[in-house]
Amino acid sequence: MASMRDIKRRQVSVTSTQQITKAMKLVSTVKLQKAKARAERNKPYFNTLYKTICSILSKTEHMDHPYLQDNGSSRKAVIVITSNKGLAGGYNSNIVKEVVGAGFSTKDVDIYAVGRKGVEGLTRKGYRIVMDMSEAINNPLYKDALDITKQVLASYSDGEVGEIYMAYTNFKNTVTQEAKLIKLLPLSIDELPAVEDEDDRVLMNYEPEADEALDILIPKYIGNLLYGAFVEALASENGARMQAMDSATTNAENMIADLSLKYNRARQASITQELTEIIAGSEAISE
């Protein structure tokens, strides 16, 4: 059995850790509320833009646009959104697992990383990091999303990559976050939602031409999708960290209770031993 001094030292250490985890939980809770509100404000714009793109492509025939065609390259660009800090449960590792589990060859993948944990995890797996914008996730801006969009679209247009993917964490609610890997380009008309209303099947007329319209709309669509992923990832990170710190605080409480019980038992055993020694000494003197 550990000595009373060792148990007390361990108890103090766990109590100190509990205070830290409790403080981190409170900070994450405040940050989560702000990030959640930001994500909810962005959803209507994204949903409207997404429906617009789907409507345009579903009402267009014989569209021959670079963003809709296979350019022949086997390389893939993957935009990976993680956090710069740990202590968030499986938040970062789940994203790394999504990328690794996609079955892409490490030799054929270019990683555009947003978040140091993603850089560290994927570098260890042998992936090539071509762009690191980790600081962008601290305070996501629409400009940051556009900068990454321009970079990956330039690589796609030049034929350096043939497909563009994005790995991020979808924020469902405070306790539920889902790691996702979605395909951004090339857009496939067959993969878009079917048009339900027959009146909506009327072909669309473009002004300016269809190619010019899509040259403007698709980069905006991808940029907003990326920005939406930024704000959802930030909300997910703080939600995951809040849960992790709440679990750590609860575990610390259980450990403190267990250590208190062990300390009391050790103290009682020590008192009993002292009493036994005193009684034995007293009997020896009386004899």
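A short reminder: the numbers here are calculations on the coordinates, not readings from a lab. Keep in mind that what you see is a predicted model, and the values were worked out from it rather than measured. Neighbour counts are summed over all protein chains in view; Cβ atoms, including those assigned to glycine, are modelled from backbone coordinates with ideal geometry.
Odds and ends about this structure:
- Using just its DSSP H runs of length 4 or more, each adding -39500 (n - 2.57), the chain gives a mean residue ellipticity at 222 nm of -21000 deg cm²/dmol after division by all residues.
- Distances between placed amide hydrogens fall under 5 Å for V80 paired with Y112, A113, V114, A167, all partners being 5 or more residues away or on another chain.
- Peptides 112-123, 244-255, 10-21 ordered by average Cβ neighbours within 10 Å, highest first: 112-123, 244-255, 10-21
- Taking a straight line from the alpha carbon of K107, these lysines sit under 18 Å away, with near neighbours fewer than eight places off in the same chain left out: K76, K97, K125.
- Along region 96-110 the Karplus relation, 6.51 cos²θ - 1.76 cosθ + 1.60 evaluated at θ = phi - 60°, assigns HN-Hα couplings of 4, 5, 4, 5, 5, x, 6, x, 6, 6, 4, 6, 10, 10, 10 Hz to successive residues, with x for each Gly and Pro.
- Across region 78-85, coupling constants 3J(HN,Hα) worked out from phi with the 6.51/-1.76/1.60 Karplus curve, θ = phi - 60°, read 10, 8, 10, 10, 10, 10, 8, 10 Hz, and Gly and Pro carry x.
- All alpha carbon pair distances within region 30-140 were sorted into 10 Å bins beginning at 0; the resulting P(r) in whole percents reads 12, 31, 32, 23, 3, 0.
- Cα principal axis extents for the chain, largest first, Å: 115, 40, 30
- Cα-derived Rg to Rh of region 11-89, Kirkwood definition: 1.25
- Ranked by how many other beta carbons lie within 10 Å on average, peptides 128-135, 149-156 from highest: 149-156, 128-135
- Length released on extending from K43 to M4, taking residue separation times 0.36 nm less the Cα-Cα span: 8.4 nm
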